[in-house]
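Below is a structure I'd like to ask you about.
What follows is calculated from the coordinates using simple rules that are stated; it is not laboratory data. Here the structure is a predicted model, which means the values were calculated and not measured. Note: ideal-geometry Cβ built from the backbone for every residue, glycine included; neighbour counts use all protein chains shown.
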Amino acid sequence: MVQKRVDFDTLSACVAALGVPHSAAEVHGLVAGLLSAGSTMSPAAGLSALREWLDTDVVIDATHGELLSQVFRDVAAGLLDPEFNFHLLVPDDETAIALRSQALGEWCSGFLAGFGLAGRFQNGDLSDDLRELLADLSNIANLDEEVPDDEANEGDLLEITEYVRMSALLVFAECAAASLH
């Protein structure tokens, strides 16, 4: 039986139930960053890395542990998909632009944290292109201005989201996929 991918609302409910001060987008970004840096970890090892990042003694019960493990499997499958079918886990298009923009920044913050937590690279080990992509993700993570709902901002947010998605795939291709061969 094929498992359905974890959606944003389900992961949000899980994160809220665990009582951690991070968003679903940030957790998903963390997983993507860990895996993109070449961490060949099992979902169980990923849960351990997640606990380390949360810096808390949160108890992850079997139900939430399975859901978080599924997130690891979903992200790995998306990053490895030859059709580039990797998607960021952020609120859907029906959500206000300001909230989606905030979630995109949180996703980038999580991605950078995961990439760093993997500890596989020093800045000198990265190509210039990769350093530039990571700097762009950092800039997106640090945007804190309100984004009004209008058509121009909608288009901009879609473009930036696609840029972030492709950046994650490029980081994965350079750092992780090379270690798989």
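Which loop-located trypsin sites (Lys or Arg not before Pro) does the range 71-121 contain, where loop means any DSSP state but H, G, I, E or B and the Cβ has at most 15 other Cβ atoms within 10 Å?
ARG120
Identify the GluC sites (Glu not before Pro) of the range 81-144 meeting these criteria: DSSP loop state and at most 10 other C-beta atoms within 10 Å of the C-beta.
On the way: sites: GLU83, GLU94, GLU106, GLU132; in loops: GLU83, GLU94.
Answer by residue number: GLU83, GLU94.
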